[in-house]
Amino acid sequence: MAVLLSSLNVRGLKNNVKRKAMFLFCKEIKANILFLQETHSGKEEETFWKHQWGDSILYSHGTTHSAGVMILFNKFAGRVIDHKSDGMGHWIMVLVEVCEQKIILINVYGYNNRSLNRNMMSNLSKLIAKWSTTYGSTQVITGGDFNLAPNSWLDRQPQRGNQPEHDSIICDFCTTTNMIDYWRMTNPNTKKYTWFSPSNKNLCSRLDYWLVSQTVSSYVTKCETHQLHFICISQRL
């Protein structure tokens, strides 16, 4: 059995017409688990949105105008064992079991502030270590809109600095958790972007990606990066 995950920054789902269209689109791509960022959701909408979606949803609410993350399940054959969120709309962490394997999934929406991003990623590193010990799982998939470009030359246009540099926050997180930027590993020199400035189309960055643990990387059969990005885990899990 293959498990398809996808991730998308939806830039707000308050509008009913947009939300219904987005949910329909999410059904059509046939992903089993979907990470959404910038949902702008609130506690009062949980029941209605879940009814509209027609399957399970996990939330971390931001405000009506910013943040908010959701994990949507669509005909997911596994089960949810545990979940935790920051309560501020920037991350949700869930432990699922599929094909008798436990996997930690994290949906991230980064801050527009390096200090806050560093604290968030550091806290997630500690939580990953705690859950890995508690549940005996070293298989981790982290995805979403990190608001951080991993490489100053390859992942930004125009490039920054006199020489390429890796973002220290992402580097520290990957080193601590033994994770890799899977798409970059398989596309070492490709330039592809997920964010484009609305006022200047020549200003763009790759801010959305998948970080996977070394124990998961051998099971990945496909990883694509667009403004909507996918990762497919094979049945060998």
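We did not get these values from a lab; they are worked out from the coordinates using the rules stated. Predicted, not measured: the structure shown is a model, and the values here were computed from it. No Cβ is skipped: glycine too gets one built from the backbone with ideal geometry, and neighbour counts run over all protein chains shown.
Per-residue HN-Hα couplings for the stretch 53-58, Karplus 6.51 cos²θ - 1.76 cosθ + 1.60 at θ = phi - 60°, whole Hz, x for Gly and Pro?
Using θ = phi - 60°, the values come out as 6, x, 7, 6, 9, 10 Hz.
Hey, got the dipole for the chain? About the Cα centre, +1 on K and R Cβ, -1 on D and E Cβ, debye to the nearest 20?
Working: 26 positive and 18 negative charges, 76 e Å.
Charge dipole, the chain, about its Cα centre: 360 debye, nearest 20.
Suppose R0 equals 45 Å. What FRET efficiency, 1/(1 + (r/R0)^6) with r the Cβ-Cβ distance, do Glu46 and Glu165 give to the nearest 0.05?
Working: r = 41 Å, r/R0 = 0.92.
The formula returns an efficiency of 0.60 here.
In which sequence would Asp145, Asp167, Asp172 go, from the one with the fewest C-beta neighbours within 10 Å to the one with the most?
Numbers: Asp145 23, Asp167 17, Asp172 14.
Final ranking by Cβ density, sparse to dense: Asp172, Asp167, Asp145.
Using modelled backbone amide H atoms (1.01 Å from N, in-plane), which distant-in-sequence or interchain residues come within less than 5 Å of Trp210's amide H?
Long-range HN contacts for Trp210: Tyr182, Trp183.
List the lysines whose Cα sits under 21 Å from the Cα of Lys84, skipping any in the same chain fewer than 8 residues away.
Leaving aside lysines fewer than 8 places away in the same chain, those within reach of Lys84 are Lys43, Lys50, Lys102, Lys126, Lys130.
For the charge dipole of the chain, defined by +1 on Lys and Arg C-beta atoms and -1 on Asp and Glu C-beta atoms about the Cα centroid, which residue among Leu24, Pro150, Ala129 has the Cα displaced farthest towards the positive pole?
Of Leu24, Pro150, Ala129, it is Leu24.
Answer with a single label: of (1) 49, 37, 31; (2) 93, 35, 28; (3) 51, 42, 31, which was calculated as Cα extents along the principal axes in Å from the structure in view?
Among (1) 49, 37, 31; (2) 93, 35, 28; (3) 51, 42, 31, the one calculated here is (3).
Could you name the aspartates and glutamates in cross-link range of Lys27, using Cα to Cα under 13 Å and dropping any fewer than eight places away on the same chain?
Asp55
Only helical DSSP H runs with n ≥ 4 go in: add -39500 (n - 2.57) per run for the chain, normalise by residue count and round the 222 nm mean residue ellipticity to 500 deg cm²/dmol.
Details: 6 runs with 62 residues, N = 237.
Calculated at 222 nm, the ellipticity per residue is -8000 deg cm²/dmol.
Whole-Hz ³J(HN,Hα) for each residue in the stretch 126-132, computed from phi via Karplus 6.51 cos²θ - 1.76 cosθ + 1.60 with θ = phi - 60°, x for glycine and proline: what do you get?
5, 5, 4, 4, 5, 5, 4
Ordered by residue, what ³J(HN,Hα) values in Hz, to whole numbers, does the stretch 105-110 give under the Karplus form 6.51 cos²θ - 1.76 cosθ + 1.60, where θ = phi - 60° and Gly and Pro are x?
For the stretch 105-110, the Karplus-derived couplings read 10, 9, 9, 10, 10, x Hz, x marking Gly and Pro.
I'd like the distance between the alpha-carbon centres of the stretch 10-31 and the stretch 151-204, rounded to an integer number of Å.
What the calculation gives is 27 Å, centre to centre.
What number, in percent, do you get for the relative contact order of the chain if the mean sequence gap of Cα pairs under 8 Å and at least 6 apart is divided by its residue count? Don't jump to the answer; show the numbers that get you there.
Working: 524 pairs, mean separation 43.2, N = 237.
Computed over the chain, the figure is 18 percent.
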